[in-house]
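Any read-out appearing in this document is the output of simple, stated calculations on the displayed coordinates, not a laboratory observation. All values reported here derive from a predicted model rather than from experimental measurement. Note that we place each Cβ from the backbone using ideal geometry, even for glycine, and neighbour counts take in every protein chain shown.
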Amino acid sequence: MKGEKVVVGRTAHIVIPSESARSIRVKIDTGADRSSIWASNIAMSSDGELSFTLFAPESKFYSGTVYRTKNFEASRVRSAHGDLQVRFRVHLTIILGGKKIRGTFTLADRSKNRYPALIGCKILNKKFLVDVSKGFIRENRSDDLIQELKRDPKAFFEKYYHNNPRGDII
């Protein structure tokens, strides 16, 4: 139902459609305004294009896909250890709780962190309720997909298959 808030716990799973159909466990961080994701190979070309890969070769989530964008910003971020850092911010599309969201993520070396990404308040705001008494809330994606297909088969095809001929679950 449109406008209905999804309940998430202290952790959740996201999918990054441009990476793969693999589910990534993330930390829900209501103490952080912004979201952050593990990035490596961050570089800037002479014409001002930012390039990076998500995760790193030692991560099971690493695909080697190189992202390139001129649509980015930089911001000062205080790390969990209290250090002030400058990080790049980029837009990424994720699926969280069955909702497709385009959000802003800072790029960080999260190789030593337990979770490869954290989801902050700006993504959660007005779309999700956080129940900290819950650990991870698993949704039944198959039932949701069946209902979505029944409601509008043509829209379902356009969303999941038209631009995705392999049929990867996003």
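Step through the table entries Lys100/Lys150; Lys27/Lys60; Lys60/Lys150; Lys112/Lys134, compare each Cα-Cα distance with 29 Å, and write down the pairs that go over it.
Check vs 29 Å cut-off fails for Lys60/Lys150.
Enumerate by residue number the trypsin sites (Lys or Arg not before Pro) in segment 1-99 meeting two conditions: DSSP loop (anything except H, G, I, E, B), and at most 11 other Cβ atoms within 10 Å of the site's Cβ.
Working: sites: Lys2, Lys5, Arg10, Arg22, Arg25, Lys27, Arg34, Lys60, Arg68, Lys70, Arg76, Arg78, Arg87, Arg89, Lys99; in loops: Lys2, Lys5, Arg10, Arg22, Arg34, Lys60, Lys70.
Those satisfying the criteria are Lys2, Lys60, Lys70.
On a full-extension model of 0.36 nm per residue, what is the gain between Glu73 and Ile42, subtracting their alpha-carbon distance, rounded to one decimal in nm?
9.8 nm
Under 5 Å between amide hydrogens, which residues at least 5 positions from Val130 or on another chain qualify, with H placed 1.01 Å from N in the peptide plane?
Residues meeting the amide H criterion: Val8.
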